[in-house]
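The values are calculated or read from the model by the stated rules, or taken from the named source; none is laboratory data. Quick caveat, the model's predicted, so the values are computed rather than measured. Don't worry about glycine lacking a Cβ; one is built from the backbone with ideal geometry, like all the others, and counts go over all protein chains shown.
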Amino acid sequence: MISKVEKKVQKIIRGQSTVELALVLPFLLLFAIGLTEVGFTMFDYMRLANANREGVRLASRGPRYDDDTVIDRVVASGGTSGNEGGVVEPYFDTDDNLCVIVTRIPAENGDQFSRSIRGTLPDDYEALNIGLIEQENNAINDEINALRSDEGYAIHSNKLIIVETYLDHDLILNYPDILPLPNPVPLYFRSTMRVTIDSKL
């Protein structure tokens with residue numbers, strides 16, 4: 001038979017556990033919410049990176065693919081999502097959450113570069129320093145082509161294609177008092193490739 005003292009001790013222990021749970025539970029919930037938000041944000045970032053790379057790969061195949069085709073590839077590569085009515089829509093939408101910038105840097109110094117933009121540019125957008133990119137690219141390309149010529153290979157074109165993508169990632173749980181994060185969270189990814197097909201024509 002349990003004594004009165006043992007019963008009091010058990011009540012004290014149970015009360016202490018309840019108080020500890022009440023103190024720790026908010027932090028555990030906050031951690032779980034934060035982890036969920038980070039997970040979905042990283043998922044969107046990987047989706048954005050994949051779509052960006054698909055676009056720059058297509059653009060690197062030469063001038064036969066214009067900027068609109070490249071941007072369409074980026075949008076299509078973002079996948080689809082279903083809304084409440086069961087209608088499947090593209091996940092990326094340049095009228096809503098995506099901005100795509102396609103920049104073509106020509107092979108010769110002094111030639112005009114071209115830039116196409118679809119979507120709304122972020123307020124803090126900083127345009128690429130085309131002059132610096134051209135200098136770096138030409139220096140690297142000259143070294144590569146010197147080695148290729150020495151070995152008897154055809155030289156490569158030094159045309160560049162750059163695809164920049166901005167995505168507005170909406171938070172699942174928007175509680176600014178608990179999670180002081182911007183909503184939407186701006187995500188950015190940039191890829192650069194040399195236009196390779198031209199050198200084979």
For region 142-158 the number of residues that are touching a residue at least 40 places away in the same chain (Cβ under 8 Å) and either surrounded by 13 or more Cβ atoms within 10 Å (Cβ to Cβ) or in contact with a Pro (Cβ under 6 Å, 6 or more places away or on another chain) (or both) is 4
Going through (1) over 30 Å from VAL195 (Cα atoms); (2) at pLDDT below 80 one by one, GLY62 fails only at (1)
When region 145-171 is checked residue by residue, the ones that are of a type in the set (A, V, I, L, M, F, W, C), under 30 Å from the mean Cα position of the chain (by Cα) and not in a loop (DSSP other than H, G, I, E, B) are LEU160, ILE161, ILE162, VAL163, LEU167
Restricting region 93-133 to residues that are under 17 Å from the mean Cα position of the chain (by Cα) and of a type in the set (S, T, N, Q), the one modelled with the lowest pLDDT turns out to be THR94
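Tally time: how many residues in region 39-68 are assigned to a helix (DSSP H, G or I) and free of Cβ contacts under 8 Å to residues at least 40 places away in the same chain?
As a first pass, look at region 39-68 and keep what is assigned to a helix (DSSP H, G or I): 39-59, 67-68.
Still in the list and also free of Cβ contacts under 8 Å to residues at least 40 places away in the same chain: 39, 42-43, 46, 50, 54, 58.
Residues flagged as assigned to a helix (DSSP H, G or I) and free of Cβ contacts under 8 Å to residues at least 40 places away in the same chain within region 39-68 amount to 7.
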Looking at region 36-54, is at least one residue modelled with pLDDT under 85 and either loosely packed, with under 10 Cβ neighbours inside 10 Å or within 24 Å of LEU121 (Cβ to Cβ) (or both)? no
Picked from region 182-201 (must be surrounded by fewer than 16 Cβ atoms within 10 Å (Cβ to Cβ) and farther than 30 Å from LYS159 by Cα), the residue modelled with the lowest pLDDT is PRO182
